[in-house]
Every structure is written in C-alpha cells, then in structure tokens.
Amino acid sequence: MSLEEKISAKISQTEPKPKWEFVGEGIAKDILAAVLIIVAIILFGIIGYIISHFGPWERLPGQPFYFWHSLLTLPWEMILSVGVLCALIYLIIRKAHFLYRLSPIIIVVGILVILGLGHLIAEAAGAHETIARFAPAKKIYLTQGRILSPNRGLVTSGTVKAIDGDDITVMDVYGKKWQVEINTTKSTIGKDLKVGDKVMINGIKSGNIIKAFIIKKIPANWRGQTRALFPKISRRITHLY
Amino acid sequence: MRKHKISDEELAAFTLKDKERFNELVHRYANKIRSYIARIIGGWQEAEDLTQEVFFKAYRHIASFNPNMKFSSWLYRIAHNESVNYIKKHYRYKTVEFDEGIKNKFTDDESILEKIDNQIDSQIIKMGLVELDPRSREILELSFYEEKSYLEIADILEISVNSVGPTIMRAKERLKRIIEEKNEFRRKN
C-alpha cells in the first residue's frame with residue numbers, strides 16, 4: 001500500500017470536525033483574553049492608585065537607605081499578580097489572529113499600553129473611588145497600601161503647640177493648625193511629647209483633625225517638611241473610613 | 001484552453017463539502033511532508049507513520065484552516081508539531097539518530113551546497129547537518145530545502161517574521177562551526 005493509500009484509508013474512517021467547534025474555541029479564547037485584560041487593568045489601576053495615594057517615596061528623614069525601605073512598602077503582591085496576568089494574556093493572544101508574526105516586544109508593549117490607557121480611563125471615570133467603597137476592595141486597598149506599617153505615608157509634620165490629654169495641637173510649616181487625636185491607652189505614642197517638639201504624624205486626616213497611628217519626633221538635623229512625589233494628586237485615603 | 005489548477009486553499013475550503021478534494025491535497029503533499037519529517041527525526045518508517053498522523057489531524061481540523069495563511073504553511077506547522085513531539089518523546093536524553101538513507105538525502109541536491117556558503121564536501125555537510133540540534137536543522141531545512149519564505153517559516157514555527165532571518169543565520173553559523181571542526185579533524189588525521 002502506498003503512503004497516499006494509507007492516508008486515504010485512515011481518513012476515510014473519520015469526519016472533519018464541524019466549523020462551529022473552532023469558531024466557538026476562538027470566541028472563548030478572545031473572551032478569556034478580554035476578561036484577563038480587564039482584570040489586569042483593574043489591578044494595574046489599583047497599583048497606580050495605591051502608589052499615588054500612599055506615597056511610598058515620601059522621605060523618611062533620619063532613616064538610612066530610605067529609598068530601599070520605601071520599596072518594601074510597594075504592593076508587591078499586586079505587582080506580581082499583574083505580571084502573571086500579563087504573561088497569561090501574552091500566551092493567549094500571541095497565537096490568535098497571527099500576532100506571533102509580530103516581535104514579542106511589540107506585543108508586550110501593546111499589552112502595557114492597553115493597561116495604561118485602561119487605568120487612565122478608569123481614573124477619569126472615578127472607578128477606584130467607586131470600587132473602594134466595597135468592603136472587600138477596601139480591605140485590599142488598605143492591606144496593599146500597607147497603611148498600618150510604621151513610617152508609611154507621612155500625613156503631616158510640624159511643631160507641637162499644645163497638649164491636652166489625648167489630643168495635641170500641631171502647627172505645620174504653612175501655619176495650619178492640626179488637632180491630632182491619639183489613644184495613649186492603646187499605645188505608647190505621644191506619651192513623651194512636650195510643647196515645642198517637632199514631630200511627624202502618620203494617620204487619617206479629616207478636615208483639620210488627624211487620627212494618628214504614629215507620631216515620631218523629628219531629629220534635630222532634619223532639614224524641613226517633606227512633600228509627596230505627586231503633590232497634586234496626593235490625597236489621603238480618608239474616604240476609605 | 002488552460003485548465004485552472006485549483007489552489008490548495010480552494011481545495012481545503014471544498015473539503016468540508018466533498019471529502020475527495022482532500023485526497024488531491026494528500027497527493028500534492030504526502031511525499032514532501034514525509035521527506036521533511038524524515039530529515040527532522042531521522043527515521044524513514046517513523047516519518048511515514050507521522051505523515052499519516054499529520055494528514056489525519058489536518059483532515060479532522062480542516063475547518064480551522066485560516067485562509068489568511070498558505071495551506072502548505074498550515075500543513076507544515078502540523079508536521080513540525082508532530083516532529084517536535086516525537087523528538088521530545090523518543091530523544092529526551094540522546095541526540096537524534098539518523099538512518100543512512102536519510103543522511104544521503106541531505107545532499108542529493110547540488111544547489112543546496114551552493115546555498116550553504118562555501119561548502120565543498122558533501123560528506124562533511126551531511127555529518128554537520130546530522131549533528132545540528134533539531135531546531136537549527138529544521139530552519140535550514142525550511143529555508144534551503146523547502147525554499148519557504150520568511151513569512152511561511154514564521155507561520156510554520158509560530159515565531160515573529162523579524163526573528164526568522166537571525167535564526168537562520170545562527171543555524172548556519174552553528175553548521176559552519178561543526179563543519180570547520182570536522183575539516184580540522186580530517187586534516188590532522
């Protein structure tokens with residue numbers, strides 16, 4: 001039996017698969033890729049939101065290697081998740097629609113551009129403000145934002161002007177007075193403060209009231225009040241409480 | 001009046017309605033696919049078995065063929081995948097072992113010697129090609145033996161078009177290095 005005859009004999013015992021199977025498979029892959037892209041955009045946006053609102057690059061005066069310390073407070077779990085999602089998206093879309101003909105770098109850049117555009121559109125639409133109102137999402141923002149980490153997210157700094165029990169009044173370098181509420185029964189922060197001390201405060205701001213998580217005295221050699229990297233968008237996460 | 005030769009793509013499209021059309025495709029490509037696979041995996045009988053498997057899969061999946069690529073590229077892609085799976089299964093811990101008959105087929109065509117620069121000894125080339133890794137051998141196979149374009153090679157191997165040229169260059173460099181080592185060995189002995 002010649003090779004052609006063998007092949008003909010083999011295929012005569014079967015039928016081609018129907019077209020709808022492959023069309024369905026293609027549509028399923030496209031839908032999966034679209035869903036993964038949307039999830040990646042949301043995570044990418046959360047990372048951007050957390051970095052811009054939690055200010056990982058704020059200076060930590062008197063702290064050696066403050067930049068490396070601030071890197072530890074980045075939302076690494078989310079960054080890893082976005083990386084894994086991008087890899088999955090790349091693998092799924094690469095074989096679809098002849099994208100493998102393009103250079104892999106172009107495909108990766110394309111994915112990142114889509115994520116960036118999606119993030120900007122979500123920001124403009126206020127998606128994160130809406131998402132953050134849901135309890136599970138709120139928890140993610142706070143956990144990933146490392147809000148309870150000491151030295152994280154300077155709210156303000158200034159000079160202690162008055163002390164009244166658990167409340168202290170601090171005036172910042174711009175002359176604004178802040179009422180700082182601390183719970184000295186639950187922690188030791190603020191117990192050794194006195195009028196005239198220069199302090200840094202980490203906490204939640206509401207109007208001119210701050211619920212402090214931590215207050216630290218500023219070393220004598222500190223040069224001045226720090227500013228967040230993105231001062232115009234560095235709003236504190238008061239709406240999460 | 002010249003008879004219009006039906007293209008491979010037209011035959012593939014008609015296969016769903018008329019099975020006999022596929023036999024024409026088998027007639028056109030069976031020997032080519034067998035030779036291609038044989039030069040990759042090194043065995044004639046195994047190549048024949050894999051060729052049957054290739055056409056069986058092509059027939060079953062004919063509805064998935066996208067006319068935006070050439071039918072031959074699609075078919076060669078199936079053959080490539082089958083060859084790779086075969087090599088992974090059978091040669092995981094050793095190099096591909098070639099039948100003598102397959103080795104001879106590597107240099108039957110004198111023009112191939114001209115295309116692979118400065119080759120004068122067909123025996124040395126044969127040995128060089130046999131000792132190449134399957135990936136390099138395959139791309140030289142597609143480029144020089146099958147005379148596929150860069151786009152066709154990209155579709156067969158599912159790589160970017162821009163990377164085909166550099167991949168061919170690297171395969172040629174590896175082959176040249178092997179041939180130079182063999183020439184050196186022969187000179188010393």
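The values are calculated or read from the model by the stated rules, or taken from the named source; none is laboratory data. Everything numeric in this text was worked out from a predicted model, so none of it was measured. A quick note on method: Cβ atoms are made from the backbone with ideal geometry, for glycine too, and the neighbour counts reach across all protein chains shown. Surface areas here come from the heavy atoms of the whole protein model, side chains and all, with no ligands, DNA or RNA. Shrake-Rupley method; radii C 1.70, N 1.55, O 1.52, S 1.80 Å.
If only residues of segment A:13-30 that are facing chain B (nearest Cβ under 7 Å) and part of a helix (DSSP H, G or I) are counted, the one that is farthest from the chain's Cα centre (by Cα) is A:LYS19. Considering A:LYS216, A:LYS211, A:LYS191, the condition of being closer than 30 Å to A:ILE131 by Cβ and modelled with pLDDT of 55 or more is satisfied by A:LYS211 alone.
Would you call A:LYS10 open to solvent by 40 Å² or more (accessible area, probe 1.4 Å), within 14 Å of another protein chain (Cβ to nearest Cβ) and in a helix (DSSP H, G or I)?
Criteria met by A:LYS10.
Here B:ILE168 meets each of (1) away from chain A (no Cβ under 14 Å); (2) over 24 Å from B:TYR91 (Cα atoms); (3) in contact with a helix residue (DSSP H, G or I) (Cβ under 7 Å, 6 or more places away or on another chain) with one exception, condition (2). Applying the criterion of at least 1 residues that are aromatic (Phe, Trp, Tyr) to the helices (runs of 4 or more DSSP H) found wholly in segment B:123-189 leaves B:150-157, B:161-188. Identify all residues within segment B:16-33 that are more than 16 Å from B:ILE156 (Cβ to Cβ) and open to solvent by 10 Å² or more (accessible area, probe 1.4 Å); write none if there are none. Listed by number, the residues that qualify are B:LEU16, B:LYS17, B:ASP18, B:LYS19, B:GLU20, B:ARG21, B:ASN23, B:GLU24, B:HIS27, B:ARG28, B:ASN31.
Scanning segment B:142-156 for residues that are open to solvent by less than 30 Å² (accessible area, probe 1.4 Å) and at the interface with chain A (Cβ under 9 Å from one of its Cβ atoms) gives B:ALA154, B:ASP155.
Taken over segment A:74-113, the criterion of being among the polar types (S, T, N, Q) and at the interface with chain B (Cβ under 9 Å from one of its Cβ atoms) is satisfied by A:SER103 alone.
Quick one: is A:GLN63 modelled with pLDDT under 90, away from chain B (no Cβ under 14 Å) and not in a helix (DSSP H, G or I)? The answer is yes for A:GLN63.
Taking the residues in segment B:38-47 that are open to solvent by 10 Å² or more (accessible area, probe 1.4 Å) and touching a helix residue (DSSP H, G or I) at 6+ places or on another chain (Cβ under 6 Å) as candidates, determine which candidate is farthest from the other protein chains (Cβ to nearest Cβ).
Filtering first and then ranking leaves B:ARG39.
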